[in-house]
């Protein structure tokens with residue numbers, strides 16, 4: 001009996017100590033997304049923001065339609081279409097367009113700091129969507145994080161209260177993506193991870209094709225090979241393949257813990273901005289990034305702590 005018990009212990013310990021599979025998938029998605037802001041900054045150097053924001057969604061929608069058709073996926077039904085529309089509005093329309101216009105005016109490192117609010121934003125939307133009752137500390141820290149991001153943006157724009165229009169676009173992008181992430185993570189449990197983002201892309205494709213055509217009619221796209229390569233990454237990876245991993249990680253879960261992985265995304269984006277784009281990272285950017293990421297991290301972790309009344313007796 002002693003030998004059997006020991007053998008069982010040896011087998012079970014390594015299995016129980018392994019990180020959840022969802023965390024690895026979430027990490028893969030976050031690494032893919034971390035190049036989005038720097039590569040968008042590269043692309044807007046020669047291509048129009050409207051074309052980048054809408055055109056990358058068209059590229060991804062073509063891939064999504066092919067994948068759905070080849071695998072003969074079942075159509076969403078009933079209220080699921082409305083939820084797909086919410087996901088599409090957040091991650092296919094809102095975030096890409098808003099960030100593309102914003103990054104035409106400010107460095108990628110600046111955008112990465114403001115977008116660092118996204119983990120806390122996603123946690124907030126998950127709380128509202130799930131009708132949770134997190135402790136007051138969650139709302140306090142989330143508010144502090146938002147204040148830190150606003151203070152950073154104001155300092156970069158010339159003084160408190162002087163937010164640049166690009167910062168307002170970034171804040172709007174955070175809200176849009178947070179809604180899309182939270183709803184998409186829940187819907188992925190019903191439709192599947194890649195199916196969710198694929199249906200969102202297909203649903204939004206008529207609008208995005210129209211916006212792309214409008215942009216090309218106004219000014220035919222013309223860019224360098226590097227700018228087109230950045231655009232291709234945004235369409236194939238940022239808008240399509242990255243969501244395969246991200247939504248699969250959220251669906252496998254636990255969603256709250258997988259969401260914490262998103263905290264490293266702004267850090268990676270700031271690093272890529274310095275290494276790949278040669279952007280100068282001053283102390284304001286570094287301190288602002290650290291403050292926002294720390295607040296977002298505390299907010300997400302605070303949400304994981306259930307109130308005493310909700311804990312099992």
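Any read-out appearing in this document is the output of simple, stated calculations on the displayed coordinates, not a laboratory observation. Note that the structure is predicted; figures quoted are calculated from it, not measured. All Cβ positions, glycine included, derive from the backbone under ideal geometry; neighbour counts span all protein chains shown.
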Relative pair counts by distance (%), Cα atoms of the stretch 43-93, 5 Å bins
5, 17, 17, 23, 19, 9, 6, 3, 1
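Arrange the following residues from fewest to most other Cβ atoms within 10 Å of their Cβ: 183, 190, 279.
Lowest to highest Cβ neighbour count: 190, 279, 183.
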So how do 166, 100 line up by other beta-carbon neighbours within 10 Å, fewest first?
166, 100
For the stretch 187-248, what ratio Rg/Rh do Cα atoms give with a Kirkwood hydrodynamic radius?
1.08
Points 7 angstrom from Cα along the Cβ direction at residue 224 and residue 210: gap in nanometres?
3.6
In whole Å, what are the extents of the stretch 38-308 along the principal axes defined by its C-alpha atoms, from largest to smallest?
46, 46, 28
Expressed in Å to one decimal, the Kirkwood Rh of the stretch 102-251 from all distinct alpha-carbon pairs is 17.6
Rounded, prolate or oblate: which fits the stretch 40-191, taking a ≥ b ≥ c as square roots of the Cα gyration tensor eigenvalues, rounded meaning a/c under 1.5, else prolate when a/b beats b/c?
oblate
